[in-house]
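Trainee: Mind having a look at this structure? Questions to follow.
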């Protein structure tokens, strides 16, 4: 059922109130996402002094971790949406049970992934065809970040539980704490300052593990103090609801991240400097994801809470306000990427070849900001209604049917330039933005699938 048109001027006080709610939820999420991403950016930045091989190895290790986190993001999205619905309906004890059963599931999943990643992560790097010097750096980094990934997954899940309740400030406080500690530890551990041994990329991994442990401990203490977790017998019915929403998100993230691995392998074929430029560009580009991601989580939370309370009009207005804010903020990022790419890349490296290639990448990224904003918010709203399977299908088609397939043809058959392969992601994101917007306006908010 198509959505009816909405006049935001028929009741000025309600849109203004909802706009404040969007800001209240999204700005801490935006800052949390920014600071969380800064952990990875700081590692790439600090290892830049060790050379292009260290940059490439650190970026590759982060990509493998992001790929592994796909299942956990599915669980986190499921628990955020279910808790938001229960919270909006006033069922706080059931929300606590949902949080507890998701913690148990996260623990089991983490043990399995940690064992696999720490044992075989280095072999995956070798199979991707990276140069031998990159392999030696990557093996140490990958083993350590996977060995202690329980702090990463725990931090992610506890944040998702709090997002569902509407508490986005506490996760922000935790990730700021993580960043401060990470910066304090990373530089001396990488380069051997203040009497510490020079551990190189291993030092970067140890800094991440230590700082995320502290952040996880802080969130756990706060979750228990605020009674967000209700210790009880595992409720299989509630977990079923979480997983019905979460498994398509897990598949979506698997499709996205595995596609990124294949896409990165095409970039690797253009040489180490090209891949180093790609990784630096991705680190900078990820800053532009923050406004969209923050608004997307705010849209999902407000959508879930409004639908749980039966307030359809409030759900629609929440979506519109999140979309408006995301487009405005990401337009600013587009101007920054287009006007100052050499300066931004130069903050990470002084290699002229890497700077030149990376600057072209950032200018292409500038043209992706509008569809990124649309994609994040519309996908967030669809997840808030429980329509996660459609988001998965669109992501699968966009990543594998467009980005991977066209890039493969461009490198294997047509032998096009690196810049042409980079340009493929623009087609990907414009397709996603159109597909998500069409679905939202086509199906309506009465067809909630939770």
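Bear in mind that the values in this text are calculations on the coordinates, not laboratory data. Worth saying up front: this structure is predicted, and the values here are computed from it rather than measured. Note that each Cβ is placed from the backbone with ideal geometry, even for glycine, and that neighbours are counted across all protein chains shown.
Trainee: How do 388-399, 199-210, 173-184 rank on mean C-beta neighbours within 10 Å, highest first? It would help to have the intermediate numbers written out before the result.
Mentor: On the way: 388-399: 21.2, 199-210: 23.1, 173-184: 19.6.
Going by the mean number of other Cβ atoms within 10 Å, highest first, we get 199-210, 388-399, 173-184.
Trainee: How tilted is helix 236-268 with respect to the longest principal axis of the chain? Cα atoms for both, answer in degrees (0 to 90, nearest 10).
Mentor: Helix 236-268 sits roughly 30 degrees off the main axis of the chain.
Trainee: Now for a different question. For the chain, what does the relative contact order come out to in percent, with C-alpha contacts under 8 Å and a separation of six or more?
Mentor: Numbers: 752 pairs, mean separation 107.7, N = 450.
Averaging sequence separation for qualifying contacts and normalising by length gives 24 percent for the chain.
Trainee: Quick one: length gained pulling residue 108 to residue 232 fully straight, 0.36 nm per residue minus the C-alpha distance? Could the numbers behind the result be given before it?
Mentor: Values: separation 124, 0.36 × 124 = 44.64 nm, distance 1.75 nm.
Residue separation times 0.36 nm, minus the Cα-Cα distance, leaves 42.9 nm.
Trainee: Tell me the angle of helix 132-147 to the major Cα principal axis of the chain, expressed in degrees between 0 and 90 and rounded to the nearest ten.
Mentor: 40 degrees
Trainee: Give me the distance in nm between label points sitting 7 Å out from Cα along the Cα-to-Cβ direction at residue 66 and residue 220, one decimal.
Mentor: It is 2.8 nm.
Trainee: Next up: Sort 212-224, 339-351 by the packing proxy (mean of other Cβ within 10 Å over each peptide's residues), most packed first.
Mentor: Details: 212-224: 19.2, 339-351: 16.8.
Ranked from most to least packed, the peptides come out as 212-224, 339-351.
Trainee: Most exposed first by the Cβ proxy, i.e. fewest other Cβ within 10 Å, how do 441, 415 rank? Walk me through the numbers before you get to the answer.
Mentor: Working: 441 11, 415 8.
Ranked by crowding around the Cβ, least crowded first: 415, 441.
Trainee: Give the share of C-alpha pairs in each 20 angstrom bin for the range 13-443, from 0 to the last occupied bin, in whole percents, shortest bins first.
Mentor: It works out to 27, 60, 13, 0, in whole percents.
Trainee: Right, here's the next one. Give me 321, 93 ranked fewest to most by other Cβ atoms within 10 Å of their Cβ, as a rough exposure proxy.
Mentor: Numbers: 321 26, 93 11.
Arranged by neighbour count, lowest to highest, 321, 93 become 93, 321.
Trainee: If you line up the long axis of helix 272-308 against the longest principal axis of the chain, both from Cα atoms, how many degrees apart are they, to the nearest 10?
Mentor: Helix 272-308 sits roughly 10 degrees off the main axis of the chain.
Trainee: How would you classify the range 132-287 from its alpha-carbon gyration tensor, with a ≥ b ≥ c the square roots of the eigenvalues: rounded for a/c under 1.5, else prolate if a/b is greater than b/c, otherwise oblate? Each step should come with its number before you reach the end.
Mentor: Details: a/c = 2.35, a/b = 1.36, b/c = 1.73.
The shape class here is oblate.
Trainee: Using packing as a proxy for protection, rank 308-318, 185-195 so that the peptide with the highest average count of other Cβ atoms within 10 Å comes first.
Mentor: Values: 308-318: 19.1, 185-195: 16.5.
With the highest mean Cβ count within 10 Å placed first, the list reads 308-318, 185-195.
Trainee: Per DSSP H run of n ≥ 4, the term is -39500 (n - 2.57); total these for the chain, divide by its residue number, and report the mean residue ellipticity at 222 nm rounded to 500 deg cm²/dmol. Don't skip to the end; give the middle numbers.
Mentor: On the way: 17 runs with 365 residues, N = 450.
Taken over the chain, the calculation gives -28000 deg cm²/dmol.
Trainee: Oh, and also: Take the Cα atoms of the range 308-433, find their three principal axes, and give me the spread along each one in whole Å, biggest first.
Mentor: For the range 308-433, the Cα extents along the three principal axes come out at 57, 34, 18 Å.
Trainee: Quick one: order 231, 266, 338 by neighbouring beta-carbon count within 10 Å, fewest to most. Can you show the working numbers first?
Mentor: Details: 231 10, 266 21, 338 15.
Neighbour counts put them in this order, fewest first: 231, 338, 266.
Trainee: Right, next: Taking the simple approach of a point 7 Å from Cα along Cα-to-Cβ for both residue 147 and residue 262, what is their distance in nm?
Mentor: 3.3 nm
Trainee: Once R0 is set to 51 Å, what does the formula 1/(1 + (r/R0)^6) return for the Cβ-Cβ distance between residue 269 and residue 89, expressed as a FRET efficiency to the nearest 0.05?
Mentor: Numbers: r = 52 Å, r/R0 = 1.03.
For R0 = 51 Å, the calculated efficiency reads 0.45.
Trainee: What spacing in nm lies between the two simple spin-label points modelled at residue 115 and residue 173, each 7 Å away from Cα in the Cβ direction?
Mentor: Calculated label separation equals 3.7 nm.
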